[in-house]
Every structure is written in C-alpha cells, then in structure tokens.
Amino acid sequence: MRLVFLGPPGAGKGTQAKDVAQKLGVPHIATGDMFRAQVSGGTELGKRVKAIMDSGQLVPDELVLEVVEARLVEDDARQGFLLDGFPRTGPQAEGLDGILDKQGVSLDHVVYFDLTDEVVINRLSGRRSCPECGEPYHIEFKISKDSKTCDRCKGVDLIQREDDKPETVKSRLDVYKKQTAELIDYYESKGLLRRLAADGRVEEVRRGLFELLGIK
Ligand code: AP5
C-alpha cells in the first residue's frame, strides 16, 4: 500500500504511522525525522536546514524532493510506503506525482488528520520527544515509564523540540494553513482523500484509522 498522512503539525501522524507501517510491512518515511537526523549528525544538509526547522518554516521544495526521491528508490520502498509530513506544498505534491509516474505506481490513500487548532496546540505544547529515535511522548497523554527517558532507547533523556516552543507552534500552524492545507482539495479532486476524525484518544484514532484502511 502507498499512503500519505496529511494534517497539521502535532495532529498525531507520527504516533499512528509507526503502528500502521508495521502492520502493513512498509517503511515509515517521515521527512521531519529524516531532517532531524541530519541536524543531529551535523551533516552539511543538517546545517542548511537547522535554522529553517527551528523557526517553523518549510525546507525548500527542491531539497525535500531530492531527499524523498532518493529514499523512494530504495529496495524496501518498492512494494509500498507510508509518507508522513510529505508532501507539504503544491510543488511537492506535483513532484511526488512525477516520481511515482516514473516508477509506474500511484498512491492508494491520502489520510487527512482532521482536528481543531485547540487540540493541536495542546498536543504540541505537551510533547516530549526522544532525540535518538524520534518517538513522541506527551506529559499528559503518553508518559514514558519513568516520565523522563525514552522507553526504547534506555537512558536517553526526553527533550522538548525547539519547534514545539509556544512562539514557534503558532508560526507552524500559520505555515500549515498557508502552504499545506490546499493539498486537502488537491487530493480530494483526485479521489484519494480519506478524512480521519483525529481529535479523540490515541486508541480511538487508531481504531478509526485501521477501519478506514481495512487493517485487521
Ligand atoms: P515534522 O517533523 O514533519 O513536523 P509536523 O508535521 O509539524 O508534525 P509533528 O511531528 O510535529 O506532529 P505529528 O502529527 O507527527 O504528531 P505526533 O504524533 O508527534 O516537521 C518538522 C519540520 O521539518 C517542519 O516544520 C519543516 O521545517 C521540516 N519539514 C519536514 N517535512 C517537510 C516537508 N515535506 N517540506 C518542507 N519542510 C519539511 O503527536 C504530537 C503530540 O501529541 C505527541 O506528544 C503525542 O504523544 C500526542 N498525541 C498524538 N496523538 C494523540 C491523541 N490521539 N491524543 C492525545 N495526544 C496525542
């Protein structure tokens, strides 16, 4: 299955994507995680994108498309993938169409995580993340076993992402509305959009998502 998860920052895309990708046996490809790995590795690409990400703006389309295209030709993505946080602009969506055309394949579903700004702000302001594996936690809704370190990466302290600070959360939501929300219509007109009520508890959202995708 070839899937895209679309929705505002903090909608819960990453939280749900891991389970879905595992169930379907496809790679979870999250552009935010890929760029954060470059930043923490101190690579040239990481140095170019760090300030952009910290301010909540988008990385330039050409750069994002280059990174995604290179990832989609890897062996594990040939039979399917779950794209999380990409595409995020009209040119990225068209670029993805071009990449898939070249491969002779197409998307099956674009899942739109539908929820209010209020819920988004609440989720982002309480999020804590593992700097090693990217696993998202929440100070109220998803607490790690000792409430300080990652359950998977033993001993690694959870952090608040730079772009989850209150002043940046607002600009990320503005960027989403100006540059990404138009993709809802884009995919609706292609008959690919599946709306998911995403403001419930993690388990409720998961149930809705599995039902929508026909996952047992
Ligand atoms: P990215 O990492 O993609 O950030 P995002 O889309 O803003 O998404 P998030 O990871 O913040 O949220 P999410 O929807 O995955 O929510 P999560 O599951 O963590 O991008 C970061 C930056 O990288 C961008 O700003 C940009 O600079 C750059 N970038 C990345 N991709 C790009 C692209 N394609 N083009 C250009 N630039 C790009 O959940 C959030 C919180 O809520 C967590 O604490 C979680 O525990 C909690 N939670 C989740 N679900 C629930 C629930 N149902 N109930 C209660 N709490 C919940």
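Nothing in this text is a laboratory measurement; each read-out follows from the coordinates by a stated rule. Keep in mind the model is a prediction, meaning the values are calculated, not measured. As a convention, Cβ positions derive from the backbone with ideal geometry for all residues, glycine included, and neighbour counts pool all protein chains shown.
Brief remarks follow.
- Pairwise centroid distance, computed over Cα atoms, of the range 46-113 with the range 186-212, Å: 20
- Relative contact order of the range 107-164, pairs being alpha-carbon contacts under 8 Å that are 6 or more residues apart, as %: 30
- Under 5 Å, built H, 5+ apart or other chain: amide partners of Tyr137: Arg128, Ser129, Cys130
- For the chain, built as a Gaussian network whose Cα springs stay under 10 Å, the top-fluctuating residue of Gly85, Gly155, Gly134: Gly155
- Under the simplified labelling scheme, the Asp75-Glu44 pair shows an inter-label distance of 2.8 nm, with each label point 7 Å from Cα along Cα→Cβ.
- Considering only Glu203, Glu94, Glu135, the Gaussian network model of the chain with Cα springs below 10 Å gives its largest mean-square fluctuation to Glu203.
- Value of relative contact order over the range 1-106, rounded to a whole percent, pairs C-alpha under 8 Å and six or more apart: 42
- Rounded to whole Hz, the Karplus (6.51, -1.76, 1.60) HN-Hα couplings of the range 53-67, x for glycine and proline: 5, 4, 8, x, 8, 8, 5, x, 3, 4, 5, 5, 5, 4, 5
- Interchain or long-range residues, amide H under 5 Å from Arg88's placed H: Ala93
- Overall form of the chain per C-alpha gyration tensor (a/c, 1.5; a/b vs b/c): rounded
- Relative protection proxy for 9-16, 192-199, from highest mean packing down: 9-16, 192-199 (other beta-carbon atoms within 10 angstrom).
- Relative contact order of the chain, pairs being alpha-carbon contacts under 8 Å that are 6 or more residues apart, as %: 29
- Between Val120, Val205, Val156, the GNM of the chain built on Cα springs shorter than 10 angstrom shows Val156 fluctuating the most.
- In Hz, Karplus ³J(HN,Hα) per residue of the range 21-26 (6.51, -1.76, 1.60; θ = phi - 60°; x = Gly, Pro): 4, 5, 4, 8, x, 10
- Amide H contacts of Thr149 (H built 1.01 Å from N, in plane; Pro and chain starts excluded): Leu158 sit under 5 Å, all sequence-distant by 5 or more or on other chains.
- Burial order of peptide ranges 207-214, 26-33, 55-62 (average beta-carbon count within 10 Å, highest first): 26-33, 55-62, 207-214
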